[in-house]
Amino acid sequence: MCGIVGYIGEQDACPILIDGLKRLEYRGYDSAGVAVLNGGGIDIRKSVGKLRALENVLEDCAPHGCIGIGHTRWATHGRPSDENAHPHSDCTGRITVVHNGIIENYVELKDRLVRGGHEFKSETDTEVAAHLIESHYKGDIAQAVRNAASEMDGSFALVVIAQNEPDKIIAARRHSPLVIGLGEGENYLASDVAAFLKYTRSVVYADDNNVVTITREGISVTDLDGNLIDKKAQTVDWDAAMAERGGYEHFMLKEIHEQPRALRETMRGRLSLEKNCVELPGINLTHDEIRKIDRIVMIACGTAYHASMAGKYAIEQLCRIPVELDVASELRYRDPIVDEHTLGIVISQSGETLDTMVGLNEVKNKGAKVIAITNVVGSMAARDAHGVLYTYAGPEIAVASTKAYTTQLMVLYLVALYFAQIRGTLDEQRATELREALWELPQKAELILNDVTAIESAAARYYCFNGFLYMARGANLASALEGALKVKEISYMHAEGYAAGEMKHGPIAMIDPTFATITVAVKSKTYDKILSNIREVKARSGDVIAIANPGDTTISDYADRVITVPETEEIFSPVLVAVPLQLMAYFVAYNRGPAIDQPRNLAKTVTVE
Ligand code: M6R
């Protein structure tokens, strides 16, 4: 978590740093700060609270200079406060750092440094890095960073400036993202390309244990022993406009509306109705390897985990391969049974979620082939996996994931159809029907988005209820969990997702007239069972909103409100069901008033355990 930026060039650094931090604020917003080399020394400004608070500070006294670093914080060690805000400096104030990650052995390092006479001003692990670099500094800041990084355990992306070497910025990374932007006579560093997309799309991704020196003229990268590493620049195909709100009040609403386009782009070049097939360049598995897979283990967190639930349903139905799901934070500690016939599928929007990346390497080290489904080109997941399937959602800025989720579903459906094609588990007519159904999803999502009044009006009634219960069956159990998560994270309301068949085993006790039940009642083989579940809720005076298909004349006799989504194959319906559930969460939150794009206590990318 936390966003870091760096700039070196001929322009005034501070406005560039602030602009970059605005685009990284989704990573954390407990405090923010900048440090600028001004010729004489290092000028630091910082403030607890969102970036706006720092901007207020800068209105009166912005530091000036052409080299600087900046930070937006998601607190881990030390509460949000001015003292704990980054940047942090060494005892002399000549070395200043910003950091994303957790230095796990910071207590031990700090004890040693304190015994050596270093004085600390904050409760953060980051300040340890500043003093550790100071302790190694003998006139070469890059070497001091290498020595310090070698002593640090845990995760870090560090960006460092030194008063005695005012023509460079040094950065280092391990398990936290760090990307370098290449300009003309100027260069950039950041946690995410969004920070500098408006200046350059030419980037270099740092790898674990790389130490990077950037000057105005260029960059050089070494390992921790100082050996030079040759890095190739890549061009990212996102543009700056994609990371703007484009007239929408919130990024979340914009991203919900972008789903038809994102789904189309994710299908492009992969699903062809003319050629009657699915092609997945990038998967990096031979047909023989695909035929030999006897088990799939999916690894993900949060929303991506919900995508894996729906993906399991599709893959098991269409390919008859058993799929095991794991919340990544659990997988890493349970010594999973994996061999060379197991396929690992890692799902992560950012491609940087720490638990997911550890899970990826766990199954890889046990001999499994791993494919990554990620939205970020060049991310850790993309680099560490054997094969990568990108979701072409474009930058997702709102903390609540929307278009990343539906495009992850799309990729998983393509994988299911591709494997079924190679393993021969579907007859041709059924395969054609499914490909056609998949092809129609973006257009059907568009139909939902063309008229959102029923969802808006439902939200206006239910936002002041005591909570929500989401119930569904089959492929849409994932929708129930995801719908509940969306409400929780942006409205702070109590919401639970449950398998409808489990209602009688406990959750039904919660039902009363102030607790709304949202149920997925689209066409499926368990439709009648869902109707019975609705009856049970109604018999306990519960209020029921059903997501159903147009033309369903039965459902209105059961539910209090009906929101329709176009009909599709049951296994693909989670994509369409997701849209009204996302909008419901959005409008409920809108009525309640919290900060929708930046909910409290959260950050977009969880790069700590
Ligand atoms: O970047 P990732 O997909 O690995 O992120 C995983 C979760 O942190 C993420 O999906 C989170 O649950 C969402 N922000 C929820 O909307």
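Looking across the range 324-345, the residues that are more than 9 Å from the ligand (Cβ to nearest atom) and either within 23 Å of the chain's Cα centre (by Cα) or assigned by TED's automatic domain parsing to the domain that holds Ala475 (or both) come down to Glu324, Leu325, Asp326, Val327, Ser329, Glu330, Leu331, Arg332, Tyr333, Leu343, Gly344, Ile345. Screening Arg320 with (1) touching a Gly at 6+ places or on another chain (Cβ under 8 Å); (2) at positive phi gives one miss only, at (1).
Out of the residues in the range 1-44 meeting the condition of being β-branched (Val, Ile, Thr) and crowded, with 23+ Cβ neighbours inside 10 Å, tell me which one is nearest to Ala75 (Cα to Cα).
From the range 1-44, those β-branched (Val, Ile, Thr) are 4-5, 8, 16, 18, 34, 36, 42, 44; that's our starting set.
Narrowing the set further to residues that are crowded, with 23+ Cβ neighbours inside 10 Å leaves 4-5, 8, 16, 34, 36, 42.
Details: Ile4: 14, Val5: 17, Ile8: 27, Ile16: 24, Val34: 17, Val36: 23, Ile42: 24 Å.
Only one residue fits best here, namely Ile4.
The single condition among (1) at pLDDT 95 or above; (2) part of a loop (DSSP other than H, G, I, E, B); (3) closer than 17 Å to Met252 by Cα; (4) of a type outside the set (Gly, Ala, Ser) that Gln582 does not satisfy is (2).
Gly181 meets the conditions (1) open to solvent by 10 Å² or more (accessible area, probe 1.4 Å); (2) at pLDDT 95 or above; (3) in a strand (DSSP E or B) in every case but one. The failed one is (1). Taken as a whole, the structure leaves Ala420 outside the set of residues that are open to solvent by less than 60 Å² (accessible area, probe 1.4 Å), within 16 Å of the ligand (Cβ to nearest atom), under 29 Å from Asn375 (Cβ atoms) and modelled with pLDDT of 95 or more. Taking Ser348 as the residue in question, decide whether it is under 15 Å from Val606 (Cβ atoms) and modelled with pLDDT of 95 or more. For Ser348, the condition - under 15 Å from Val606 (Cβ atoms) and modelled with pLDDT of 95 or more - is met. Regarding the range 265-273, can at least one residue be identified that is in the same structural domain as Val370 (by TED's automatic domain parsing) and on the phi > 0 side of the Ramachandran plot? Yes, the range 265-273 contains a residue that is in the same structural domain as Val370 (by TED's automatic domain parsing) and on the phi > 0 side of the Ramachandran plot. The strands (runs of 3 or more DSSP E) found wholly in the range 33-116 and carrying at least 1 residues that are out of contact with any Ser or Thr (no Cβ under 8 Å at 6 or more places or on another chain) occupy 42-48, 67-73.
Residue check: is Glu119 surrounded by fewer than 21 Cβ atoms within 10 Å (Cβ to Cβ) and in contact (Cβ under 8 Å) with a residue 24 or more places away in the chain? Against the criterion (surrounded by fewer than 21 Cβ atoms within 10 Å (Cβ to Cβ) and in contact (Cβ under 8 Å) with a residue 24 or more places away in the chain), Glu119 qualifies. Annotation: Tyr470 fulfils all but one of (1) of a type in the set (Ser, Thr, Tyr); (2) within 22 Å of His257 (Cβ to Cβ); (3) not in a helix (DSSP H, G or I); the unmet one is (2).
Residues in the range 483-535 that are open to solvent by less than 10 Å² (accessible area, probe 1.4 Å), part of a helix (DSSP H, G or I) and within 16 Å of the ligand (Cβ to nearest atom): Gly483, Ala484, Lys486, Val487, Ile490, Ser491.
Scanning the range 302-312 for residues that are within 16 Å of the ligand (Cβ to nearest atom) and not hydroxyl-bearing (Ser, Thr, Tyr) returns Gly302, Ala304, His306, Ala307, Met309, Ala310, Gly311. Considering only residues in the range 239-251 that are without any contact (Cβ under 8 Å) to a residue 60 or more places away in the chain and not acidic (Asp, Glu), the one that is least open to solvent (accessible area, probe 1.4 Å) turns out to be Ala240. Taking the criterion of being within 13 Å of the ligand (Cβ to nearest atom), among the basic types (Lys, Arg) and either surrounded by fewer than 22 Cβ atoms within 10 Å (Cβ to Cβ) or within 17 Å of His257 (Cβ to Cβ) (or both), would at least one residue in the range 397-407 satisfy it? Checked against the condition, which is being within 13 Å of the ligand (Cβ to nearest atom), among the basic types (Lys, Arg) and either surrounded by fewer than 22 Cβ atoms within 10 Å (Cβ to Cβ) or within 17 Å of His257 (Cβ to Cβ) (or both), the range 397-407 yields at least one hit. Quick check on the range 598-608. Is at least one of its residues over 24 Å from His250 (Cα atoms) and open to solvent by less than 40 Å² (accessible area, probe 1.4 Å)? So far as the range 598-608 goes, yes, one or more of its residues are over 24 Å from His250 (Cα atoms) and open to solvent by less than 40 Å² (accessible area, probe 1.4 Å).
Phe572 meets each of the listed conditions (1) in contact (Cβ under 8 Å) with a residue 60 or more places away in the chain; (2) out of contact with any Phe, Trp or Tyr (no Cβ under 7 Å at 6 or more places or on another chain) apart from (2).
Yes/no matrix, rows are residues, columns are (1) surrounded by 24 or more Cβ atoms within 10 Å (Cβ to Cβ); (2) more than 16 Å from the ligand (Cβ to nearest atom); (3) over 17 Å from the mean Cα position of the chain (by Cα):
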site	(1), (2), (3)
Leu253	no, no, no
Gln259	yes, no, no
Leu263	yes, yes, yes
Glu279	no, yes, yes
Ile290	no, yes, yes
Arg295	no, yes, yes
Ala300	yes, no, no
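Taking the conditions (1) surrounded by fewer than 18 Cβ atoms within 10 Å (Cβ to Cβ); (2) closer than 20 Å to Leu178 by Cα in turn, Asp384 satisfies each one other than (1).
Quick grid of which residues meet (1) of a type in the set (Asp, Glu); (2) in contact with a strand residue (DSSP E or B) (Cβ under 9 Å, 6 or more places away or on another chain); (3) under 23 Å from Asp557 (Cα atoms):
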{"site": "Pro442", "(1), (2), (3)": "no, no, no"}
{"site": "Leu447", "(1), (2), (3)": "no, no, no"}
{"site": "Ala460", "(1), (2), (3)": "no, no, yes"}
{"site": "Gly467", "(1), (2), (3)": "no, yes, no"}
{"site": "Gly483", "(1), (2), (3)": "no, yes, no"}
{"site": "Ile530", "(1), (2), (3)": "no, yes, yes"}
{"site": "Arg535", "(1), (2), (3)": "no, no, yes"}
{"site": "Ile547", "(1), (2), (3)": "no, yes, yes"}
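Please verify whether Asp597 is outside the structural domain of Leu409 (by TED's automatic domain parsing) and within 16 Å of the ligand (Cβ to nearest atom), treating the condition exactly as stated. Yes; evaluated as a whole, the condition is true for this residue. Please work out if Thr526 is hydroxyl-bearing (Ser, Thr, Tyr) and within 33 Å of the chain's Cα centre (by Cα). When the stated conditions are applied, Thr526 passes them.
The values are calculated or read from the model by the stated rules, or taken from the named source; none is laboratory data. The model shown is predicted, which means the values in this text are computed figures rather than measured ones. Backbone-built Cβ (ideal geometry, glycine too); neighbour counts: all protein chains shown. Just the protein is used for accessible areas: all its heavy atoms, side chains included, with ligands, DNA and RNA removed. Shrake-Rupley method; radii C 1.70, N 1.55, O 1.52, S 1.80 Å.
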